[in-house]
Amino acid sequence: MVRGLKTTVMKEQIARIIDYIYESGWTVNLKSRRNEADHFDKCININYQTRGKKLYWTLLHECGHMIIRSNPATFMCRYPGITAALVSEKAAGYTNYRVDTVREEFNAWDEGETLAEQLELELDKKAYRKFGNTCLLSYIKWCTKNK
């Protein structure tokens, strides 16, 4: 794969991901304060300062969350700690919630990579995984932090 995507290619690939999001029945907000897949509003929010490769990789990752949560029954079985936290605020303080959150984050990065392959997008997997690892480290620190 090409190490650095040219700006036009990058824009085309970002546009293909955004098309995929809309085709999936979701919307995209590129003027948010946070990067997140909002499952209640079916909207992928991207921080307004995210640009270039980081925008590309973040969109893939957030699509990973969209894909993971596309089947609620499967999601509830796979991530019971998160499911419990959606029902009870108290459960959000439990270890199961934290560990399942980290598990979903790891899986979302993998799903994003798989999506890039399905959409036949160019992806520097080494750089994508390195960026993903940096993001994952913050979740690992949060998960292991004392309350």
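Please treat every number below as a calculation from the coordinates, not as lab data. Because the structure is predicted, anything quoted here is derived from the model rather than measured. Cβ: placed from backbone, ideal geometry, glycine included. Neighbour counts: every protein chain shown.
Provide the per-residue ³J(HN,Hα) series for region 35-50, in order, calculated from phi with Karplus coefficients 6.51, -1.76, 1.60 and θ = phi - 60°, each as a whole number of Hz, with x at glycine and proline positions.
9, 6, 9, 8, 6, 6, 9, 6, 9, 8, 9, 10, 4, 4, 8, 6
Leaving out same-chain residues fewer than 8 places away, which lysines sit with a Cα under 21 Å from that of residue 11?
31, 53, 54, 125, 126
Do any chymotrypsin sites (Phe, Trp or Tyr not before Pro) in region 34-106 lie in a DSSP loop with no more than 15 other beta carbon atoms within 10 Å, and if so, which? Walk me through the intermediate numbers first.
Numbers: sites: 40, 48, 56, 57, 75, 94, 97, 106; in loops: 40, 48, 94.
The qualifying sites are 40, 48, 94.
Show which lysines lie in cross-link reach of residue 145 when reach means a straight Cα distance below 21 angstrom and same-chain residues fewer than eight apart are skipped.
90
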